[in-house]
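A.B. asks: Take this structure, written in structure tokens, and hold onto it; I'll ask about it next.
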Amino acid sequence: MRPATLILSLLSFSQAPLSDASTNTWMDWDGLQVCHPADLVSDLSSEEAIVDLITSSSHSQIKTVGAGHSFSSIALTDDSSPSTLLLSLDQYAGIVRTELQEDGTTFVEVKAGTRLRDLNTMLSEMVPPLALVNLGATAAQSIAGAIATGTHGTGRSLGSISAAVEGLRIIDASGRVLDSREDPDVVKFGRVALGVLGIVSTVTIRAVPMFKMKKTVLDVPLDELLANHDAWVARYERFQWSFVPYTNTASVILREEVPFDAPVDDCWVSPTPAVCTDLSYKTLVDSLPAYENRTLYTEMEMFVPVEHAVAAVTDFIEYQSQVKPKHDDSKCSLFTNIRYVAADDIPTSMMHNRDIAVLSFICLGDKDATGDSDEFAMYAQGLENITKTKYDGVPHWGKENWATGEELSAFYDFTDFLAFREKVDPGGVFLNEYTRERLSLL
Ligand SMILES: Cc1cc2nc3c(=O)[nH]c(=O)nc-3n(C[C@H](O)[C@H](O)[C@H](O)COP(=O)(O)OP(=O)(O)OC[C@H]3O[C@@H](n4cnc5c(N)ncnc54)[C@H](O)[C@@H]3O)c2cc1C
């Protein structure tokens, strides 16, 4: 059952977030998502090695993990599956090639295991320096993991990281390398692939010349912000805001592009200044020390058409008031965050054909505070129910959610995506319980 080449690699799963090869245990970043694959492989450093692994494997299930930064169980192998393989591509990282385009952007082909933080640094050190157009709140994710779930930042006319993907190489269940330059369906469906179309080998992503931004953090009364919401969104391209339930203060973050010769003051200095100007990625994501000293949290996130943003937030505030009596012995700190993402044409994207407001609910605290937390579930399910029943909301694939296949099929048209999946993985080795449920493949 187990090819000899896999035995050695059990010893070296060190770069995964939390793994113990002696007990075949893998955990995500905060230890809430756990699985026990029969084999853990983390020492592959070339596409050929991945192809060899697939063609010699007889595993019933093969999952590839990125940085283990999904709150949902999307990356896990199933403990109930007879012979499972969990693959980390941490050793398969770096830029393969760049190609300047006529419009001044550059296509950058990146190996799947590359962490976004390392990609930011590599791009900024190029001559001339480059940057990604947008990023999420952190850059700890791998490029392949980030795009698999449609990871996004904020920006009313800016798409997710997946929307900036121009090409892909994916290794299918038979070990064939599918290249989007030969088959456009590979990039059409592979940009938000949920890990079910095969092992992404390289991602070609659009980068732009490095730019600078001014980042401003300010407090605004929550009721005033809601009253003037549309004007804020119209005025600031990169607008986001948050509030702590049961307070009337919203914390607003604005990021505005400034001329490239603007003087820089360090946005990564601690404590973070209320106003600073820096290279784009330093205004978008946390620094490594800030990330390493972060407070753990768990999160769910719902995507609604932007025109419903105020109504959905107002309903969620009303829901919070209703459940307040149950909040009294709280073990975690609560937090609600609102961001904006532009429509795209990716069939499995939360932004498919609609400009979006993203409502997140966060419970700050380590797994003792958030694990099995009835409190987190009470608020998060409240948000999920309000947004899905009243505002056509769908959840983030990589964040905690209770969505059923039936609900998701009513929103997404999975027909072509599933036909492509069937073609590249007829035996379903890249599926797991989470994706089978969500794609109605049980
Ligand atoms: C602290 C923190 C901050 C976050 N901030 C944001 C944010 O601002 N915006 C946002 O949208 N999300 C955010 N997220 C969620 C996160 O970006 C996504 O869940 C993302 O998918 C995680 O990437 P990863 O590299 O950790 O992948 P994993 O979580 O390890 O895997 C995610 C999916 O990718 C698949 N995958 C990974 N590598 C490959 C490969 N080579 N081939 C095929 N499939 C692969 C996995 O099988 C799985 O299906 C955050 C999460 C955390 C913990």
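The values are calculated or read from the model by the stated rules, or taken from the named source; none is laboratory data. Being a predicted model, the structure only gives us computed values, none of them experimental. For neighbour counting, all protein chains shown are included, and Cβ atoms are generated from backbone atoms with ideal geometry for every residue, glycine included.
A.B. asks: Kindly indicate whether Val110 is within 13 Å of the ligand (Cβ to nearest atom) and crowded, with 24+ Cβ neighbours inside 10 Å. Working first, answer last.
C.D. replies: Details: within 13 Å of the ligand (Cβ to nearest atom): yes; crowded, with 24+ Cβ neighbours inside 10 Å: yes.
So Val110 fits the description; yes.
A.B. asks: One residue is enough: does the stretch 63-72 have a residue meeting the conditions within 11 Å of the ligand (Cβ to nearest atom) and more than 18 Å from Gly398 (Cβ to Cβ)?
C.D. replies: Narrowing the stretch 63-72 to residues within 11 Å of the ligand (Cβ to nearest atom): 63-72.
From what's left, more than 18 Å from Gly398 (Cβ to Cβ): none.
No.
A.B. asks: With the stretch 166-259 as the region, which strands (runs of 3 or more DSSP E) entirely inside it contain at least 2 residues that are crowded, with 16+ Cβ neighbours inside 10 Å and more than 16 Å from the ligand (Cβ to nearest atom)?
C.D. replies: Numbers: elements: 177-179, 199-209, 212-221, 238-243, 249-258.
Qualifying strands (runs of 3 or more DSSP E): 199-209, 212-221, 249-258.
Here's the yes/no breakdown for (1) closer than 30 Å to Asp179 by Cβ; (2) free of Cβ contacts under 8 Å to residues at least 60 places away in the same chain; (3) in a loop (DSSP other than H, G, I, E, B):
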position	(1), (2), (3)
Ile386	no, no, no
Thr389	no, yes, no
Asp392	no, no, yes
Lys399	no, no, yes
Glu406	no, yes, no
Lys423	yes, yes, no
Pro426	yes, no, yes
Phe430	yes, no, yes
Tyr434	yes, no, no
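A.B. asks: Is one or more of the residues making up the stretch 134-153 touching a Ser or Thr at 6+ places or on another chain (Cβ under 9 Å) and more than 9 Å from the ligand (Cβ to nearest atom)?
C.D. replies: yes
A.B. asks: Looking for something hydroxyl-bearing (Ser, Thr, Tyr), within 18 Å of the chain's Cα centre (by Cα), buried (at least 24 other Cβ atoms within 10 Å of the Cβ) and not assigned by TED's automatic domain parsing to the domain that holds Phe376 - is there at least one such residue anywhere in the stretch 74-87? Spell out how you get there, then give the answer.
C.D. replies: We begin by selecting, within the stretch 74-87, every residue hydroxyl-bearing (Ser, Thr, Tyr); these are 77, 80-81, 83-84.
Right, trim to within 18 Å of the chain's Cα centre (by Cα) and you get none.
No, the stretch 74-87 contains no residue that is hydroxyl-bearing (Ser, Thr, Tyr), within 18 Å of the chain's Cα centre (by Cα), buried (at least 24 other Cβ atoms within 10 Å of the Cβ) and not assigned by TED's automatic domain parsing to the domain that holds Phe376.
A.B. asks: Separate question: Considering only the stretch 3-42, state which residues are out of contact with any Gly (no Cβ under 7 Å at 6 or more places or on another chain), modelled with pLDDT of 90 or more and either of a type in the set (Lys, Arg) or surrounded by 19 or more Cβ atoms within 10 Å (Cβ to Cβ) (or both).
C.D. replies: Once the filter is applied, which keeps residues that are out of contact with any Gly (no Cβ under 7 Å at 6 or more places or on another chain), modelled with pLDDT of 90 or more and either of a type in the set (Lys, Arg) or surrounded by 19 or more Cβ atoms within 10 Å (Cβ to Cβ) (or both), the stretch 3-42 yields Trp26, Gln33, Cys35, Pro37, Ala38, Asp39, Leu40, Val41, Ser42.
A.B. asks: From the set of residues in the stretch 275-287 that are hydrophobic (A, V, I, L, M, F, W, C) and surrounded by 14 or more Cβ atoms within 10 Å (Cβ to Cβ), which is farthest from Met378 (Cα to Cα)? Walk me through how you get there before you give the answer.
C.D. replies: The initial filter retains those residues of the stretch 275-287 that are hydrophobic (A, V, I, L, M, F, W, C), namely 275-276, 279, 284-285.
Then keep just the ones that are surrounded by 14 or more Cβ atoms within 10 Å (Cβ to Cβ); that gives 276, 279, 284-285.
Working: Cys276: 37, Leu279: 39, Leu284: 30, Val285: 29 Å.
The selected residue is Leu279.
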